[in-house]
1. Kindly establish whether residue 240 is within 16 Å of the ligand (Cβ to nearest atom), hydroxyl-bearing (Ser, Thr, Tyr) and touching a helix residue (DSSP H, G or I) at 6+ places or on another chain (Cβ under 9 Å).
2. Which one is farthest from the ligand (Cβ to nearest atom), of the residues in region 294-303 that are farther than 11 Å from residue 111 by Cα and in contact with a strand residue (DSSP E or B) (Cβ under 9 Å, 6 or more places away or on another chain)?
3. Please specify each residue of region 387-418 satisfying the condition of being touching a residue at least 60 places away in the same chain (Cβ under 8 Å) and either in a loop (DSSP other than H, G, I, E, B) or more than 23 Å from residue 186 (Cβ to Cβ) (or both).
4. How many residues are within 14 Å of the ligand (Cβ to nearest atom) and among the hydrophobic types (A, V, I, L, M, F, W, C) when one looks only at region 249-293?
5. Considering only residues that are surrounded by fewer than 23 Cβ atoms within 10 Å (Cβ to Cβ) and under 20 Å from the mean Cα position of the chain (by Cα), which ones fall in region 234-252?
6. Could you run through region 72-92 and say how many residues are over 12 Å from residue 322 (Cβ atoms) and either touching a Lys or Arg at 6+ places or on another chain (Cβ under 7 Å) or assigned to a helix (DSSP H, G or I) (or both)?
7. Any idea which of 445, 449, 437 is in contact with a strand residue (DSSP E or B) (Cβ under 6 Å, 6 or more places away or on another chain) and assigned to a helix (DSSP H, G or I)?
8. Determine which single condition residue 171 fails, assuming it passes every other condition in (1) part of a loop (DSSP other than H, G, I, E, B); (2) without any contact (Cβ under 8 Å) to a residue 40 or more places away in the chain; (3) β-branched (Val, Ile, Thr); (4) closer than 27 Å to residue 316 by Cα.
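The values are calculated or read from the model by the stated rules, or taken from the named source; none is laboratory data. None of these values were measured; they are calculated from a predicted model. Glycine gets a Cβ as well: all are built from the backbone with ideal geometry, and neighbour counts include every protein chain shown.
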Amino acid sequence: MTPETLVSLDRAHLIHPVSSWRDQEEHGPRILQSGQGSWLTDIHGNTLLDGFAGLWCVNVGYGQQSVVQAAAEQMTRLPYATGYFGFASESAITLASRLAAVTPGDLNRVFFSQGGSDAVDSALRFIRFYQHARGTPEKRHVIGLARGYHGSTYTGAGLTALAAFHRNADVPLAWQHHIPSPDPYRHPKGPDAAAIIAACVADLHNKVAELGGPEHVAAFFCEPVQGSGGVAVPPVGWLSAMRNACRELDILFVTDEVITGFGRTGPLFACEHENVVPDMMTVAKGLTSGYAPMGAVFMSEGMYATIRDATPAGVAVGHGMTYSAHPVSAAIGLAVLDLYQNGLLENGVRSGVHLAKRLASMKDHPLVGDTRSMGMLAAIELVTDKQAKTKPAASLGISKKLARIGYENGVLFRAFGDDIIGLAPPLCMTLEETDILCDRIEVVLNTLLDDKDIAAAIA
Ligand code: PLP
């Protein structure tokens, strides 16, 4: 099919995830054709450096032949095996045990989902089962963070605190609540780390009290680094302080590592930075590096045993999907894990250090208010007044301009609203490619300045 035909068919039929349906129909898609390493080629033959690893998921990069072969081999031998009725596949069992060996603490029990949203939804259901099993069914409220993102099932969208996911959807649900984000750039106590951490712990205690005390609260969910909320990197010590607060309050501490898992921030899991062991952890994206859909929920031995022991023999714990623990995704997960454990994490750390240095030097740019990163997860925050931290006015249309100028300059990143450029390059990106990425971003920032309205808006 010609590119023109594909574009018109897309406009007529394909509903895109989290997109403006009007813009999509008006402009049609940008169609990607192939990829190698950190590079993509579109249907017109343009090459693009992928500064966002697809959707923060292609951590191993494109065209990894060991992954392709693992998938082909599994598909040829056994493309599907149900996990229902006592069946399993070798790849799913092997992946579960290899992950149990590398997850923090005693997070040894794993349920495989199809992605991050249903991993979060599964976690919420398991938490409910657990509170019933413990004999504390009145512990039903769940607390998340402002600017948090936890997927787009009904329960995940409610736990999310981003306006687009609440609009016309009747969420958050009655048992879902939020406390302020720990973002050092915009926190009222910022940038002092100790003050932010103390305020966040107090916010959690206050919210729990407002909900009637710990006997009414089941869990606190957080991303170790907030992703879709604009890559907000909390101060060092925040994660462990929140973990300790949850332990004191007797509420479950759940980390959503759908973005931060699998080397995105350096180590395999972001919890490792502070030696934090959550009660539950959700992952997806880097688990299969986007080569096939898969997510997972890990739970502690204690939680698992509580649910198991409260469920009579022969009675099913009623949660699962046709594609839970899909054998092809599991085979891909194993091949991807081999890559992480054979040099890829180290490469990500090296390139992440270089990325942080290059970003720090962009702080002098007239439009840049803040740059921040942890490993290969980063953001550049744009302001029109550095002193007052003024967000660019929506009328300047920066979000759309960023996407267009980036594409024209052969670089992909993600614009969050009109003020934040998000970066999550593949972990295989070399130092030279990291320089090309940053050079191109600098061109994008300077091109924004050429826009008379934007230049005039800068204080
Ligand atoms: N949780 C977090 C932290 C995420 O960033 C995402 C997706 O970006 C999700 C959950 C949902 O994952 P998925 O898009 O695979 O359903």
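1. no
2. Looking at residues that are farther than 11 Å from residue 111 by Cα and in contact with a strand residue (DSSP E or B) (Cβ under 9 Å, 6 or more places away or on another chain), I get 301.
3. Going residue by residue through region 387-418, those that are touching a residue at least 60 places away in the same chain (Cβ under 8 Å) are 387-390, 392-393, 396, 407, 410-414, 416-417.
Within region 387-418, 387, 388, 389, 392, 393, 407, 410, 411, 412, 413, 417 meet the criteria.
4. 13
5. Matches in region 234-252: 235, 236, 238, 240, 243.
6. 11
7. Going through 445, 449, 437 in turn, just one is in contact with a strand residue (DSSP E or B) (Cβ under 6 Å, 6 or more places away or on another chain) and assigned to a helix (DSSP H, G or I): 437.
8. The one condition residue 171 does not meet is (4).
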